[in-house]
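A short write-up of the structure that comes next.
Please treat every number below as a calculation from the coordinates, not as lab data. Just so we're clear, the structure is a prediction, and the values are computed from it rather than from any experiment. Positions of Cβ are backbone-derived with ideal geometry, glycine not excepted, and every protein chain shown enters the neighbour counts.
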Amino acid sequence: MTNNLNELKSLHKMAFGDSDKYIDFFFNNRYESKYCYPEKSNEKIVSVTYARIIDLFLNGNKIQIPFLHSIATHNDFRHKGYAKKTITKALDNLKLEGFPFVLLHPFKHSFYENLGFTTISYALKKQINPTPPIIKVNDTGNQKIDSDNIKIESISLKHLDDIDKIYKTKAKQYLAYNNRNLKEWKNILNEHLEDNGFGYLIYKNMIPICYILIYSNNEIRELVTLDDNLLNHIDFLDNTSFFEFSKKEAKYTMGKILSVSKSLYFLPFYDDISSCFNVDYEGELFSIKVEKGKVTAVSKIVNLDNKKLLQFSKSSLLETIFGLSFLSNTEASIFKDFGLFLFDTY
């Protein structure tokens, strides 16, 4: 086991160039042997996929879903199919565990599209433009913008509760989001700070209003604000950009169906819909029962009957589950339209 762990650490170092300190943190806090899927050549690990389980809030449902991350292949074995093998191994194992679908943030969308993944969220890259008065971070004490008292503090673990409040207030504006708890936030902040990242927490009239996590290269990792106008008055944000989740802009998170029958339970029907439907998924036929917007029963069938028919492709089913319904006007009118709030990339 120790030899395997040393091999995994060496592979991680080669693939991502992270510091030894960060790699130790990763394997102490993110790594679970149960969710590690290595591929070997001549008894040596040459490629690996990891998964971690995230708590997802999806249209009123609280579920646990695997998130693939830190997929790495040894330099000498790239472009030889090993990445595909380890990802397939992960998908097969997670399917056996009974998960309905899996998520990831791709290094390249086209690569994962060829593996059957589909985009389920989009992000708009927004640029911040300065507007006087400008507040400088290194100023001491409270600063004023109009009648509002503004205070900026460097982020540390003491800010966990306030960061969580900001995040949850924003996330609940969406019908789908990563339902982070304080333990997860502690992991994120520890990981971020261990990797020489930094950040700021902004208060307005003593109320936490915005948090910003910034990588060591000054690229913004996460920015969540409850007051968009406030960003234009912070000096270090001048001409910087950040992602805001939107309906249809740049591709972001991807996913893949593992179990069609289990995934059908998460179709986001409008709350006033109670009926029965037939479903055609790439030739597989199902009957579903919907009560007050919730799918309460799913069964496989051989022949269609006179119930209303819903037809899905491999991509459109997951898109619809995550609020991106691209069906016909008649069919789309029965499904909720929303977006996914999920920053995670690894």
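When each of Ile45, Ile134 is scored by the number of other beta-carbon atoms lying within 10 Å, the sequence from fewest to most is Ile134, Ile45.
Taking every alpha-carbon pair under 8 Å whose residues sit at least 6 apart, segment 2-120 reaches a relative contact order of 22 percent. Among residues other than Ile212 with Cβ under 12 Å from its Cβ, the summed charge is -2 (Lys and Arg +1, Asp and Glu -1). Sparse packing (at most 13 other Cβ atoms within 10 Å of the Cβ) combined with a DSSP loop state is found for the following trypsin sites (Lys or Arg not before Pro) in segment 146-227: Lys172. Computed from backbone phi, the HN-Hα couplings of segment 260-270 come to 5, 4, 6, 5, 4, 5, 9, 4, x, 5, 4 Hz, rounded to whole numbers (Karplus: 6.51 cos²θ - 1.76 cosθ + 1.60, θ = phi - 60°; Gly and Pro given as x). Quote the FRET efficiency, to the nearest 0.05, computed for Ser156 versus Phe27 with a Förster distance R0 of 22 Å and r equal to the Cβ-Cβ distance. The computed FRET efficiency comes out at 0.40. Take the Cβ atoms of Met206 and Phe16, set R0 to 35 Å, and the FRET efficiency comes out at 0.30. Residue by residue, segment 296-310 carries 3J(HN,Hα) couplings of 9, 8, 9, 9, 7, 10, 9, 10, 7, 10, 8, 6, 4, 9, 10 Hz when phi is fed to the Karplus relation 6.51 cos²θ - 1.76 cosθ + 1.60 (θ = phi - 60°); x denotes Gly or Pro. Relative to the current alpha-carbon distance between Leu124 and Glu219, full extension at 0.36 nm per residue lengthens the span by 32.6 nm. Taking a ≥ b ≥ c as the square roots of the eigenvalues of the Cα gyration tensor, an a/c ratio below 1.5 marks segment 124-249 as rounded. Within the chain, which is the longest segment that contains none of the GluC sites (Glu not before Pro) sitting in a DSSP loop with at most 16 other Cβ atoms within 10 Å? The answer is 98-218. What the pair-distance distribution of the chain shows, using all Cα-Cα distances binned every 20 Å from zero, is 27, 52, 21, 1 percent. Calculated from the alpha-carbon coordinates, segment 217-346 shows an Rg and a Dmax of 19.3, 64 Å respectively.
The order of Phe312, Phe198, going from fewest to most other C-beta atoms within 10 Å of their C-beta, is Phe198, Phe312.
With a cut-off of 19 Å on the backbone N, the residues of segment 100-133 near the modelled label site 7 Å out from Asp238 along Cα-Cβ are 127-133. The order of Tyr252, Tyr122, going from fewest to most other C-beta atoms within 10 Å of their C-beta, is Tyr122, Tyr252. Each of Lys183 and Ile63 was given a label point 7 Å from its Cα along the Cα-to-Cβ line. The distance between the two points is 2.2 nm. For the peptides 206-215, 22-31, the ranking by mean Cβ contacts within 10 Å, running from highest to lowest, is 206-215, 22-31.
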